[in-house]
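The values are calculated or read from the model by the stated rules, or taken from the named source; none is laboratory data. Given the structure is predicted, the values throughout are model-derived calculations rather than measurements. Every residue, glycine among them, receives a Cβ derived from its backbone with ideal geometry; neighbour counts consider all protein chains shown.
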Amino acid sequence: MIHPILAYGHPALTKECSSLEMDFSKTQQLIDEMWKTMQNANGCGLAAPQIGVNKKLFIVDSKTTFDLLDEDNRRILFHKEDTGIKETFINAEIIDYDIDLWEDDEGCLSIPGIWQNIKRSWSIRVEYQNRNLEPKVKDFSGATARMIQHEFDHTKGILFLDYLKPLTKRLLESKLKKIRKGKIHTRYPMKFM
């Protein structure tokens, strides 16, 4: 099943999520539906609150991004041993952030048509469970770390817009108003308030 993605302005996007404690088969079904929903929207990540599920669950696909880039951009955006991931993160916590920050464009399936430069840590350490509920502690860097930080923020009720300066956000207000009111067109189903 492909879910509609909640649009900017929906209150579910600003609520902190609770831990995921579901039975294994229901968790697997939800994860499969999230992957289908994200792929249908040509996204690189999706968090459960974006489909109205208030749980600490998100998925990240930096592998497709890596595969689409030329060699020069791969060297800029990915660590030399990183070829991207396709991973599920359950009850994730970022337990260490690198002090080295880098700025790059970010967008969001819930905020279509808006891209802004956002500063993020170049590398992070994440404690989580994978889709098989196996505990993991892993280090991630570059574009992969950026995607994880973005999706992790969703589970905290934080949107990338929250990092913008007030003036920048004010300049985007007319576009954001159109999104809130559903006066936009997307290739994927969305749910508006």
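A compact table of results
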quantity: Unique residue being of a type outside the set (D, E, K, R) and within 17 Å of ASP153 (Cβ to Cβ) when the list is MET22, MET1, MET38; calculated: MET38
quantity: Residues being assigned to a strand (DSSP E or B) and either loosely packed, with under 12 Cβ neighbours inside 10 Å or hydrophobic (A, V, I, L, M, F, W, C) (or both) - total across the range 55-71; calculated: 4
quantity: Those helices (runs of 4 or more DSSP H) lying entirely in the range 79-193 with at least 1 residues hydroxyl-bearing (Ser, Thr, Tyr) and farther than 18 Å from ALA47 by Cβ; calculated: 166-171, 173-181
quantity: Tally of residues being part of a helix (DSSP H, G or I), hydroxyl-bearing (Ser, Thr, Tyr) and in contact (Cβ under 8 Å) with a residue 24 or more places away in the chain across the range 1-33; calculated: 2
quantity: Check on ASP96, surrounded by fewer than 20 Cβ atoms within 10 Å (Cβ to Cβ) and under 26 Å from PRO135 (Cβ atoms); calculated: yes
quantity: Pair list, Cβ < 6 Å and 6+ apart or interchain, from the range 113-126 residues that are free of Cβ contacts under 8 Å to residues at least 60 places away in the same chain and among the charged types (D, E, K, R) to residues that are surrounded by fewer than 15 Cβ atoms within 10 Å (Cβ to Cβ) and part of a strand (DSSP E or B); calculated: LYS119/LEU101; LYS119/GLU103; ARG125/ILE95; ARG125/ASP96; ARG125/ASP139
quantity: Residue in the range 125-134 that is modelled with pLDDT of 95 or more, closer than 23 Å to MET1 by Cβ and acidic (Asp, Glu) present; calculated: no
quantity: Conditions (1) closer than 20 Å to LEU133 by Cβ; (2) buried (at least 19 other Cβ atoms within 10 Å of the Cβ); (3) not aromatic (Phe, Trp, Tyr); number of the one not met by ARG74; calculated: (1)
quantity: Lone qualifier among LYS56, LYS63, LYS36 - being touching a residue at least 40 places away in the same chain (Cβ under 8 Å) and either on the phi > 0 side of the Ramachandran plot or of a type outside the set (A, V, I, L, M, F, W, C) (or both); calculated: LYS56
quantity: Any pair with Cβ under 6 angstrom, 6 or more apart, that starts in the range 147-162 at a residue that is within 14 Å of TYR97 (Cβ to Cβ) and ends at one that is assigned to a loop (DSSP other than H, G, I, E, B); calculated: LYS156/GLU16
quantity: Which numbered condition ILE90 misses (of (1) β-branched (Val, Ile, Thr); (2) surrounded by fewer than 20 Cβ atoms within 10 Å (Cβ to Cβ); (3) touching a residue at least 60 places away in the same chain (Cβ under 8 Å)); calculated: (2)
